[in-house]
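Questions regarding the structure given below will be posed in turn.
Taken together, the values in this text are just the output of simple stated rules run on the coordinates, not laboratory data. Everything numeric here is computed off the predicted structure, so don't read it as measured data. Here the Cβ is made from the backbone with ideal geometry for all residues, glycine too, and neighbour counts use every protein chain on show.
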Amino acid sequence: MHFLRMTPTWVSPADLRGRPVILGRQGEMSVAVTSEGELILRHPGSRSAMLARLAHWGLSGRSGKLPKVRLALAVGTTFQHRVWQACREIPAGSSLTYGALAQRIGCRSAQAVGQALAANPLAQLIPCHRVAAANGPGGFAWGARRKAAWLKEEANGAAR
């Protein structure tokens, strides 16, 4: 199954303690996969950014042959999981404002929603690029050009 079609399992960092993590690249993406084939990080950032995120979760990783990914684990807090799930419900090719997403989940803070989206560990699988500021595209941890490109791909049917 292609990773974009996977439904992530919501977990906390404590759920992963003691699991070996292998680091690698898949195209332009840095990835971290447990030895059991659980994708836990996927982003276009650097290896050092990935190691910092793993350290924040109390994990470490090593380079090696990536195992076949069998499922995706979204590591975060209960609030982050609520935000990420609501984000996954935004149809490909569409977008919502941070405020509208906050309203959907019963949160009074668009800023809190933005912070949860900034912590997204699974680029594109949790499509935070579909969320924009009320007055424009808004921020994006992996760059405004990448956000615009992913939205354009979706509008053209690439991720449906």
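Computed FRET efficiency, Cβ-Cβ of Thr78 and Ser109, R0 22 Å: what is it to the nearest 0.05? Could you put the intermediate results ahead of the total?
On the way: r = 15 Å, r/R0 = 0.70.
Computed FRET efficiency for Thr78 and Ser109: 0.90.
So how strong a dipole does the chain carry about its Cα centre when Lys and Arg Cβ are +1 and Asp and Glu Cβ are -1, to the nearest 20 debye?
On the way: 21 positive and 7 negative charges, 42 e Å.
So the magnitude is around 200 debye.
Further question: In whole Å, what are the Cα extents of the stretch 3-74 along the three principal axes, biggest one first?
29, 27, 19
Any chance you could run the full-extension gain for Thr97 through Ala144? It's 0.36 nm times the residue separation minus the Cα-Cα distance, nm to one decimal.
On the way: separation 47, 0.36 × 47 = 16.92 nm, distance 1.55 nm.
So the extension gain works out to 15.4 nm.
Placing one identical point scatterer on every Cα of the stretch 78-155 and ignoring solvent, what is log10 I(q)/I(0) from the Debye formula at q = 0.18 Å⁻¹?
Log-scaled intensity ratios, in q order: -0.62.
Which percent of the Cα-Cα distances in the chain go past 28 Å? Before the final figure, lay out each step's value.
Working: 2278 of 12720 pairs.
Of the Cα pairs, 18 percent sit more than 28 Å apart.
Can you compute the modelled spin-label distance between Gln85 and Ser46, with each label point 7 Å from Cα toward Cβ, in nm?
3.6
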